[in-house]
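One structure is given here, and the rest of the page talks about it.
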Amino acid sequence: MDYQAIIESLFRGLIGERFIVFALAAIGLNLHFGYTGLLNFGQAVFMAAGAYGLAMMVATVGPRLNENTGLNMSETTLFWVGVFTAVVVFPILFALVMGIPTLRLRADYLAIVTIAVAEIFRIVARSPRFDWLTGSSDGLTGFSGTFYDLSPFSTTGRYFFNLFTGNQFFLVLVGWTILAIGTTICWLLVRSPWGRVLKAIREDEDAARSLGKNAYSYKMQALILGGMFGAVGGMVRAVGFSVAQPDNFITDVTFFVWVALILGGAGKVFGPLVGAALLYAVLDSSDTVLRQLVENDYIPSSFMSGTQVGQVRFMIVGLGLVLLAAFRPQGIFGNKEEMALDDR
Amino acid sequence: MTDEFAKHDALVPEAGPKSHAPHPAHALPMFDVDVAAARSALSEVPWEPGASKPDPILVADNVVRRFGGLTAVDVDHVEVQRGVITALIGPNGAGKTTLFNLLTNFDTPDTGSRLFNGQAIDKVPAHKIAGYGMVRTFQLTKALSKMTVIENMKLGATDQRGESLFASVLPVLWRKQENEIESRADELLVHFKMEHMRDQFAGTLSGGQRKLLEMARALMVEPEMVMLDEPMAGVNPALTQSLLGHVTGLRDRGMTVLFVEHDMDMVQEISDWVIVMAEGKIIAEGPPGSIGQNQAVVDAYLGSSHDSALDLGEGS
């Protein structure tokens, strides 16, 4: 057994790129669901908006703009315009498209529309018709150069207990910084009167309205803001893997974000962080552990082969979720008494 | 269960409808309305449906609301006198709550116009009604369960700077106002004898305490008119007197109260004027004493003839 590999995979899960991506997306979902009660089953589309907002601006839209308008923006300029598109323009656009028709209606309508919009976006991005724009199923590459040019770390060295390469470590450091800022903003928001209105809307929209709060406007603000967090997550993912691919944003991604949020505890500032860290620590380390067990014949190949490991680790997470639902339904950070108030 | 009763008991000492007076509370809004004059002016008003009042705060004309084939509300004209307590009564399904929703813009009428304080409110969205000085409560109490009592209260304050998204991340912009709101909320909690529950989740309160909280929260809006939808429903009798005292207390501070109620004893005890609805229409108006003798009211509650009542009995 290679214990070092197991420990490395555990730590990568706890603090690595995917933890950052899903923690950011879960912070957004926490604003949606945990604080405002919005059932967003399309967080993946906000993540895709972040990835494609950047990738398209640098790789496809930007060069065409340069050609047709004579603006001659450099790749660095395009990168930062892309970041703005990814984090501000696209999330607002998507939130408006999903929110305007549904936020005046009951909560379930938003759920249906978000899941549909997420799939529509992915399928359109995949279609050969839009190859010139989205790169169809291969996706887009070659947009993260500007980011890694900023890296002060050597591309050949290993950093942080040999866990990361220079580029990876730069991404992770930037990601941690964004997470810290994001969590602080979230913490400030939910402790403010603005956050109080969100919670009131979650508890009872009509009561909030009778007290003079424009529930529709607040729900829209929450949807946009949470979407922006999702978009930052998606952008980090695209930059981290240097590719924006439609199938990186399938419905499963949304549900991983939900799992992270519920594990950590919805409606708690640190819930998404802890949930995402735990989810990926379990997923990544169980992968390594199971692989080692199979390779070293501790698990007979008649029972499970190395190729089945990928599926089995999801079974483990599923089992963990069942146990969580039974013994700690409020999540790790949640308050059981608060949870019990639902039943009254 | 015993625990819940203990909580009720803590609220009881204030028994007696007029006993609110010894508690001076600056947090309670006070309006410059001559309540005695407003009440006595009602003696001039004829006892008939749609009667015009000397100083109406709320006027509705030709308000009709249909749900498919059913006409739930069809009110030609109704006025609510400023500075008094008006009760809206009627048998089940008379359209009281629907009218309530229409008057507070929580529902849109098919036709009709409404004036509040002389301003047309037909096009005003429900959330802006509070800003006009009218606030409502709900038949099924809407305590915000997973928020504490004090958070519930603070939510009620209007024009909060910290409720804007951009200001919210800079506490320095709203901290001062927040402290003012909090002290006003605390004073109101003391007035309603709920200060010991300040930091509890509203979801842990009993039904009666939730009604009290909802009323106190509504007062944070500093309304001129308070609309209470069945304030006594599900309230333990021990708490009823205290709630009644609070309702008359609102009037004595110049607020106008319109409430829907089933409990006739309560209507007799505190209302200055009674409006009776049946089958969507207003069928009678008058001081509480006049209602019991009104033939239309008796018919609406008991059925217009014994024959039809007997028919029902045989049919079932």
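Across region B:100-116, what is the total count of residues that are surrounded by fewer than 23 Cβ atoms within 10 Å (Cβ to Cβ), within 14 Å of chain A (Cβ to nearest Cβ) and either hydroxyl-bearing (S, T, Y) or more than 16 Å from B:M227 (Cβ to Cβ) (or both)?
Residues meeting the conditions: 1.
Any idea how many residues of region A:1-34 are open to solvent by 10 Å² or more (accessible area, probe 1.4 Å) and either under 28 Å from A:T76 (Cα atoms) or of a type outside the set (K, R) (or both)?
Of the residues in region A:1-34, the ones open to solvent by 10 Å² or more (accessible area, probe 1.4 Å) are A:1-12, A:14-15, A:17-19, A:33.
Of the ones still in play, those that are also either under 28 Å from A:T76 (Cα atoms) or of a type outside the set (K, R) (or both) are A:1-11, A:14-15, A:17-19, A:33.
Total meeting the criteria: 17.
Quick one: which helices (runs of 4 or more DSSP H) lie wholly within region A:61-115 and hold at least 1 residues that are touching a residue at least 60 places away in the same chain (Cβ under 8 Å)? First the steps, then the outcome.
Numbers: elements: A:62-69, A:75-84, A:90-102.
Result: A:75-84, A:90-102.
Search region A:149-169 for residues being aromatic (F, W, Y) and surrounded by fewer than 16 Cβ atoms within 10 Å (Cβ to Cβ), and hand back the single one that is farthest from the chain's Cα centre (by Cα).
Step one: filter region A:149-169 for residues aromatic (F, W, Y), giving A:153, A:159-161, A:164, A:169.
From what is left, the residues that are surrounded by fewer than 16 Cβ atoms within 10 Å (Cβ to Cβ) are A:160-161.
On the way: A:F160: 24, A:F161: 26 Å.
The extreme case among them is A:F161.
If B:H191 satisfies all but one of (1) open to solvent by less than 20 Å² (accessible area, probe 1.4 Å); (2) in contact with a helix residue (DSSP H, G or I) (Cβ under 7 Å, 6 or more places away or on another chain), what's the number of the condition it fails?
Tallying (1) open to solvent by less than 20 Å² (accessible area, probe 1.4 Å); (2) in contact with a helix residue (DSSP H, G or I) (Cβ under 7 Å, 6 or more places away or on another chain), B:H191 fails exactly one: (2).
Quickly run through region A:211-232 and pick out the residues that are facing another protein chain (nearest Cβ under 7 Å), open to solvent by 10 Å² or more (accessible area, probe 1.4 Å) and in a helix (DSSP H, G or I).
Our first condition is that a residue be facing another protein chain (nearest Cβ under 7 Å); within region A:211-232, this holds for A:211-215, A:221.
Then drop every residue that is not open to solvent by 10 Å² or more (accessible area, probe 1.4 Å), which leaves A:212, A:214, A:221.
Within region A:211-232, just A:Q221 meets the criteria.
Looking at B:E269, B:E261, can you tell me which residue is away from chain A (no Cβ under 14 Å), closer than 27 Å to B:A38 by Cα, open to solvent by less than 10 Å² (accessible area, probe 1.4 Å) and of a type in the set (D, E, K, R)?
None of the other options fit; the residue is B:E261.
Against the definition (under 12 Å from the mean Cα position of the chain (by Cα), at pLDDT below 95 and either of a type in the set (A, V, I, L, M, F, W, C) or open to solvent by 30 Å² or more (accessible area, probe 1.4 Å) (or both)), how does A:D252 come out, yes or no?
Working: under 12 Å from the mean Cα position of the chain (by Cα): yes; at pLDDT below 95: yes; either of a type in the set (A, V, I, L, M, F, W, C) or open to solvent by 30 Å² or more (accessible area, probe 1.4 Å) (or both): yes.
Considered against the rule, which asks whether it is under 12 Å from the mean Cα position of the chain (by Cα), at pLDDT below 95 and either of a type in the set (A, V, I, L, M, F, W, C) or open to solvent by 30 Å² or more (accessible area, probe 1.4 Å) (or both), A:D252 comes out as yes.
If you go through region B:138-146 one residue at a time, do you hit one that is within 23 Å of B:P29 (Cβ to Cβ), more than 13 Å from every other protein chain (Cβ to nearest Cβ) and among the aliphatic types (A, V, I, L, M)? If you could, list the steps in order and put the result at the bottom.
Going through region B:138-146, the residues within 23 Å of B:P29 (Cβ to Cβ) turn out to be B:138, B:141-144.
Going one step further and asking which of them are more than 13 Å from every other protein chain (Cβ to nearest Cβ), we end up with none.
Taking every residue of region B:138-146 in turn, none turns out to be within 23 Å of B:P29 (Cβ to Cβ), more than 13 Å from every other protein chain (Cβ to nearest Cβ) and among the aliphatic types (A, V, I, L, M).
Restricting to region A:95-132, name every residue that is in contact with a Phe, Trp or Tyr (Cβ under 9 Å, 6 or more places away or on another chain) and within 21 Å of A:V243 (Cβ to Cβ).
Selection gives A:A118, A:F121, A:R122, A:V124, A:A125.
Filter region B:117-136 for residues that are within 14 Å of another protein chain (Cβ to nearest Cβ) and without any contact (Cβ under 8 Å) to a residue 60 or more places away in the chain and give the result.
Selection gives B:I121, B:V124, B:P125, B:A126, B:H127, B:K128, B:I129, B:G131, B:Y132.
Here is a check on your reading of the model: is A:S151 hydroxyl-bearing (S, T, Y) and within 14 Å of chain B (Cβ to nearest Cβ)?
Working: hydroxyl-bearing (S, T, Y): yes; within 14 Å of chain B (Cβ to nearest Cβ): no.
Criteria not met by A:S151.
Could you count how many residues in region B:148-191 are more than 9 Å from chain A (Cβ to nearest Cβ) and more than 21 Å from A:A222 (Cα to Cα)?
19
How many of the residues in region A:187-203 are in a helix (DSSP H, G or I), under 19 Å from A:I27 (Cβ atoms) and open to solvent by 30 Å² or more (accessible area, probe 1.4 Å)?
4
Could you say whether any residue in region A:50-64 is of a type in the set (F, W, Y) and surrounded by 22 or more Cβ atoms within 10 Å (Cβ to Cβ)?
In the first step, residues of region A:50-64 are kept if they are of a type in the set (F, W, Y); the result is A:52.
Add one more test, that the residue is surrounded by 22 or more Cβ atoms within 10 Å (Cβ to Cβ), and what stays is A:52.
Within region A:50-64, one or more residues are of a type in the set (F, W, Y) and surrounded by 22 or more Cβ atoms within 10 Å (Cβ to Cβ).
Is at least one residue of region B:89-99 away from chain A (no Cβ under 14 Å) and assigned to a strand (DSSP E or B)?
Applying the first criterion (away from chain A (no Cβ under 14 Å)) to region B:89-99 yields B:89-96, B:98-99.
Then drop every residue that is not assigned to a strand (DSSP E or B), which leaves B:89.
Yes - at least one qualifying residue is present in region B:89-99.
Of the residues A:V117, A:V124, A:V172, which single one is surrounded by 20 or more Cβ atoms within 10 Å (Cβ to Cβ) and either facing chain B (nearest Cβ under 10 Å) or within 21 Å of the chain's Cα centre (by Cα) (or both)? So that I can check it myself, show each step before the final result.
Working: A:V117 fails: surrounded by 20 or more Cβ atoms within 10 Å (Cβ to Cβ); A:V124 fails: surrounded by 20 or more Cβ atoms within 10 Å (Cβ to Cβ).
Sole residue among the options that is surrounded by 20 or more Cβ atoms within 10 Å (Cβ to Cβ) and either facing chain B (nearest Cβ under 10 Å) or within 21 Å of the chain's Cα centre (by Cα) (or both): A:V172.
B:M215: of a type in the set (A, V, I, L, M) and facing another protein chain (nearest Cβ under 10 Å), yes or no? Give the steps one after another, and end with the answer.
Values: of a type in the set (A, V, I, L, M): yes; facing another protein chain (nearest Cβ under 10 Å): no.
Judged against the criteria, B:M215 is not a match.
What's the total number of residues in region B:220-252 that are under 19 Å from B:G131 (Cα atoms) and more than 14 Å from every other protein chain (Cβ to nearest Cβ)? Step through it out loud before you land on a result.
Applying the first criterion (under 19 Å from B:G131 (Cα atoms)) to region B:220-252 yields B:220-228, B:250.
Now restrict to residues that are more than 14 Å from every other protein chain (Cβ to nearest Cβ): B:250.
Count: 1.
Taking region B:79-92 as the search range and keeping residues that are open to solvent by 10 Å² or more (accessible area, probe 1.4 Å) and touching a residue at least 24 places away in the same chain (Cβ under 8 Å), which one is farthest from the chain's Cα centre (by Cα)?
B:P91
Write out, first by first residue and then by second, each pair whose Cβ atoms fall under 8 Å of each other, whose residues are 6+ apart or on separate chains, and whose first residue, in region B:176-196, is under 18 Å from B:G249 (Cβ atoms) while the second is hydroxyl-bearing (S, T, Y) and open to solvent by less than 10 Å² (accessible area, probe 1.4 Å).
Correct list of pairs: B:K193/B:S242.
Does B:L140 fit the bill of being part of a loop (DSSP other than H, G, I, E, B) and free of Cβ contacts under 8 Å to residues at least 24 places away in the same chain? Break it down stepwise before answering.
Details: part of a loop (DSSP other than H, G, I, E, B): yes; free of Cβ contacts under 8 Å to residues at least 24 places away in the same chain: yes.
So B:L140 passes the test.
For region A:322-344, which residues satisfy the criterion of being in a helix (DSSP H, G or I), away from chain B (no Cβ under 14 Å) and modelled with pLDDT under 85? If you could, list the steps in order and put the result at the bottom.
The initial filter retains those residues of region A:322-344 that are in a helix (DSSP H, G or I), namely A:322-327, A:336-343.
This time we only want the ones that are away from chain B (no Cβ under 14 Å), so: A:322-327.
A:A325, the sole residue that qualifies.
So B:K146 ticks every box in (1) assigned to a helix (DSSP H, G or I); (2) touching a Gly at 6+ places or on another chain (Cβ under 8 Å) but one. Which box is left unticked?
(1)
Please identify the pairs in which a residue from region A:135-161 that is in a loop (DSSP other than H, G, I, E, B) has its Cβ atom under 6 Å from the Cβ atom of a residue that is open to solvent by 60 Å² or more (accessible area, probe 1.4 Å) and not acidic (D, E), counting only partners at least 6 apart or on another chain.
Going by the 6 Å Cβ cut-off, the qualifying pairs are A:G139/A:Q245.
Of everything in region B:233-243, what is touching a helix residue (DSSP H, G or I) at 6+ places or on another chain (Cβ under 6 Å) and surrounded by fewer than 22 Cβ atoms within 10 Å (Cβ to Cβ)? Give them in sequence order. Outline the logic, then answer.
Going through region B:233-243, the residues touching a helix residue (DSSP H, G or I) at 6+ places or on another chain (Cβ under 6 Å) turn out to be B:234-236, B:238-239, B:242.
Within region B:233-243, B:G234, B:N236, B:A238 qualify.
Kindly provide the set of residues from region B:148-179 that are open to solvent by 80 Å² or more (accessible area, probe 1.4 Å) and not aliphatic (A, V, I, L, M), ordered by number. Break it down stepwise before answering.
Here is the first cut: in region B:148-179, the ones open to solvent by 80 Å² or more (accessible area, probe 1.4 Å) are B:159, B:161, B:166, B:170, B:172-173, B:175-176, B:179.
Of everything in region B:148-179, those that are open to solvent by 80 Å² or more (accessible area, probe 1.4 Å) and not aliphatic (A, V, I, L, M) turn out to be B:D159, B:R161, B:F166, B:R175, B:K176, B:N179.
The values are calculated or read from the model by the stated rules, or taken from the named source; none is laboratory data. Everything numeric here is computed off the predicted structure, so don't read it as measured data. Note that we place each Cβ from the backbone using ideal geometry, even for glycine, and neighbour counts take in every protein chain shown. With ligands, DNA and RNA removed, areas are computed over all heavy atoms of the protein, side chains included. Shrake-Rupley method; radii C 1.70, N 1.55, O 1.52, S 1.80 Å.
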